[in-house]
Amino acid sequence: MKGLNKLHVGLALSILLFLALGYWLVKPKLPDQPPYLSFSADTDGTQAWKELLSTKQAVVKEWRLNWKHLPSGTSMLLVAIQPSGVTKADREQLLEWVRKGNDAVLFDREPEGWEMWKTELAGDGEALGNKAANEKKTPSAMKASPDYLQAEGKFTGTVETPYRIQVGGAGQALFEDERGVLASRVQEGSGSITMVLTPTWMQNGTIDEASHFELIWPLFAKSWAAVWVDETHHGFGTKPGLLAVYPAWLVLASVQLGLALVLWLWLRGKRFGSVHTPRAWTVRRGDEGVHAVAAWYERLGYQREALAHQQLFLRQLLHQRWGLSPSASASQAAEAARGRLPEAQAAQLARLLAESPADGGGSEKPRAAKRRGVSTRAFVQRTREMGEIIAYLEKE
C-alpha cells in the first residue's frame, strides 16, 4: 500500500514538472500592440482611461472610419491620442465637424499643420530634444488655469516633449509648466478643439503617476451624447459599408424605387415562390390510346368501321342486361325492348341495330368517307343517338 502511494506521488510530481517545463519553454507571448490603443491593456495602451470614461459618459465607442465620415449631429466628442498620418484634408473635415457643435480633444507630442496653434521648441531646440530622450524624466511643477481646474494644491507631471504652445491668439491655456503651455483650447464655431502635448499621460502605466490624472480628467468632465475614440490613425481604420458610401437621399430614393418595383410586380400578378406544374402536363392520360386511335379513324375516314364497333358494343350490352343474343336481328331486339323501353326508344334501338346508313352526300365529307359511304354529318348524328341508348341501358 505504501509503495502504491509513493508511485502515485511520483507520477503526479512528474506530470507537474512536465507541465511547468513545457510552459517555461513554450510560454505564450501576448502580441506587442502599438501604443495609445484604447483597447490595449499594455502599459503603453489607454484602456484604463477608456473604461473609466465609459462609467461617466452615455456612449463611448471606437471610431475606425475616415474623419470625413464623422457622424452627423451635435454634442459629440472625438478623442485622438497621438494620431499619425493626419492629412490637411483630415484637419479641415474635423474642423468643419467641430464648428457644427461638437468637440475634439487631440493629444499630440509634436502637432503640425494646425493653424490655430503655433508650437515652438522650449530651450535649445534639437539638443534639448535629444537630452530629453536620453535622460530619465522627473516630474516638474505644473500650473493650471483657474477656469480649467479650480482645485487648489501643487500639481506635477512628467513631460516628454520639447515643444510648447505659443501663447496668444484666441486660444485658452489650460495648464503649463515652467517652459510653456502644454494644453490649449480654441473655440471653433459652436464647438471647441483642444490640443494637449502630453499623450503619455493617457497610458495605463503613467496615468496614475504624479498629477497626470488630475490634470487630464477635467478635459472629459462635460457630458456628451457620444464619445468617439479615434483608432483610424493608429492603423485600425476600416472602409465604410455600401450604404455609408452613398448619400442618404440616394439610398432612400433607391429603397423607394425598389418597393415600387415589388408592388408593381405584385399587381402584375407575378409569382413569388415555387412554380406548380399541373399533373396533367407530366402524367400520361389513361385514354391517350383511345384518342390516338380515334384520330387515325377520323383521318383515314373509317366512319363505317367505327359505327360497326358501336353496334357491337350495344349488342354486348343488350346481352348483359336483357340476355339478348349478340346475333339477334334488329326486329328481335325491338320486340325485347317493347316491354322495357318506351315505343320511341324501342324504334330507335331497332334502327341503330340495322345496317349502317347509306352515303348521304355532302361537300364537307373527306374522300375516304365518300368511298366508304358514310358522311360526317350522318356519322355524328348516329353516334349521338347510339350514346343516348347506351347511357340509358347502363343506368338500368
*Test PHE175 against the stated conditions and say whether it is open to solvent by 10 Å² or more (accessible area, probe 1.4 Å) and aromatic (Phe, Trp, Tyr).*
no
*asked:* Being within 34 Å of the chain's Cα centre (by Cα) and at positive phi is the requirement here; does GLY113 meet it?
replied: no
*Inside the stretch 208-226, can you point out the residues that are open to solvent by less than 70 Å² (accessible area, probe 1.4 Å), within 19 Å of TRP97 (Cα to Cα) and in a loop (DSSP other than H, G, I, E, B)?*
TRP224, ALA225
*Identify all residues within the stretch 65-96 that are surrounded by fewer than 17 Cβ atoms within 10 Å (Cβ to Cβ) and under 20 Å from PRO35 (Cα atoms); write none if there are none.*
SER84, GLY85
*If you go through the stretch 73-98 one residue at a time, how many are on the phi < 0 side of the Ramachandran plot and in a loop (DSSP other than H, G, I, E, B)?*
5
_Matching residues, the stretch 277-331, being open to solvent by less than 90 Å² (accessible area, probe 1.4 Å) and basic (Lys, Arg)_ = ARG315
*Using the structure shown, decide if GLY205 is open to solvent by less than 60 Å² (accessible area, probe 1.4 Å) and free of Cβ contacts under 8 Å to residues at least 24 places away in the same chain.*
no
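The values are calculated or read from the model by the stated rules, or taken from the named source; none is laboratory data. Computed from a predicted structure; not experimentally measured. Don't worry about glycine lacking a Cβ; one is built from the backbone with ideal geometry, like all the others, and counts go over all protein chains shown. Calculation scope for accessible area: heavy atoms of the full protein, side chains included, ligands and nucleic acids excluded. Shrake-Rupley method; radii C 1.70, N 1.55, O 1.52, S 1.80 Å.
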